[in-house]
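The structure under discussion appears below in the form of structure tokens.
The values are calculated or read from the model by the stated rules, or taken from the named source; none is laboratory data. As the structure is a computational prediction, the values presented were derived from the model and not from experiment. All Cβ positions, glycine included, derive from the backbone under ideal geometry; neighbour counts span all protein chains shown. Surface areas here come from the heavy atoms of the whole protein model, side chains and all, with no ligands, DNA or RNA. Shrake-Rupley method; radii C 1.70, N 1.55, O 1.52, S 1.80 Å.
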Amino acid sequence: MPDAFTTRVLNIATGSDERVVDITGDCESFLREAAAGRDGLLNVFVPHATAGIAVIETGAGSDDDLLSTLHTLLPADDRWQHRHGSPGHGRDHVLPAFVPPHATLPVVDGRLALGTWQSVCLVDTNRDNPDRQVRLSFLGGVGEA
């Protein structure tokens with residue numbers, strides 16, 4: 001009998017550049033094991049003060065548009081009270097107010113119920129922290145798949 005709650009931690013190297021990392025495949029791989037054909041919810045959480053989770057289209061420029069928009073809304077300059085790290089690092093600590101550190105997504109028959117062009121992405125603007133963790137947690141009904 002599958003567990004009602006299962007979790008896994010992904011380790012993602014984002015490097016020293018601002019990035020939007022598509023983790024949809026990792027989520028689907030996790031659900032093949034954890035959900036085992038059941039309905040439920042997938043919670044995606046990044047336990048970092050300077051990163052977020054977004055559900056957006058990728059590969060058609062939207063990921064670059066998101067980073068560009070974040071530069072407009074949260075410029076990397078000296079206006080920030082939080083001033084350690086790289087110049088403008090204070091903006092990275094404001095990012096989770098705009099791109100939250102979590103998303104909860106429906107799972108139907110063991111698969112993510114995303115729209116046609118939706119992807120689950122880690123958004124990381126912090127150049128000072130090249131290694132991230134993302135916690136995937138599946139909550140589903142107990143019983144046979």
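Quick one: pull the percent of accessible area on segment 91-145 belonging to carbon and sulfur, 1.4 Å probe, ligands and nucleic acids left out.
Working: 1430 of 2770 Å².
C and S atoms contribute 51 percent here.
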Quiz prompt | Under the Karplus curve 6.51 cos²θ - 1.76 cosθ + 1.60, θ = phi - 60°, whole-Hz ³J(HN,Hα) for segment 56-62, x wherever Gly or Pro sits | solution = 9, 7, 10, x, 10, x, 5
Quiz item: Among R132, R19, R32, which one shows the biggest mean-square fluctuation in a GNM of the chain, springs joining Cα atoms closer than 10 Å?
Solution: R32
Self-check item: Spin-label zone in segment 85-119 - amide nitrogen under 19 Å from a point set 7 Å from the Cα of V9 along the C-beta vector
Solution: 101-103
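Local charge sum around F45 (other residues, Cβ-Cβ under 12 Å, Lys/Arg +1, Asp/Glu -1)? Walk me through the numbers before you get to the answer.
Values: positive: R8, R132, R135; negative: none.
Summing Lys and Arg as +1 and Asp and Glu as -1 gives +3.
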Practice problem: For segment 34-95 and segment 105-121, write down the distance between their C-alpha centroids in whole Å. | Solution: 19
Exercise. Go through A35, S16, A49 and say which Cα lies farthest out towards the positive end of the charge dipole of segment 1-51; charges sit on Cβ, +1 for Lys and Arg, -1 for Asp and Glu.
Key: A35
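Can you give the net charge of the other residues whose Cβ lies under 14 Å from the Cβ of D77, counting K and R as +1 and D and E as -1? List each step's numbers first, then the result.
On the way: positive: R79, R83, R91; negative: D78, D92.
With Lys, Arg at +1 and Asp, Glu at -1, the net is +1.
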Quiz item: Taking springs between alpha-carbon atoms closer than 10 angstrom, which of I53, I12, I23 fluctuates most in the Gaussian network model of the chain?
Solution: I12
Exercise. Run through all the Cα pairs of the chain and give the fraction in each 5 Å bin from 0, expressed as whole percent.
Key: 2, 10, 19, 20, 17, 12, 9, 6, 3, 1, 0, 0
Quiz item: Taking the chain as a Gaussian network, where each spring joins two C-alpha atoms under 10 Å apart, which residue of E57, E33, E18 fluctuates the most?
Solution: E33
Quiz item: Modelled label-to-label distance, R135 and H82, 7 Å Cα→beta-carbon offset: nm?
Solution: 1.9
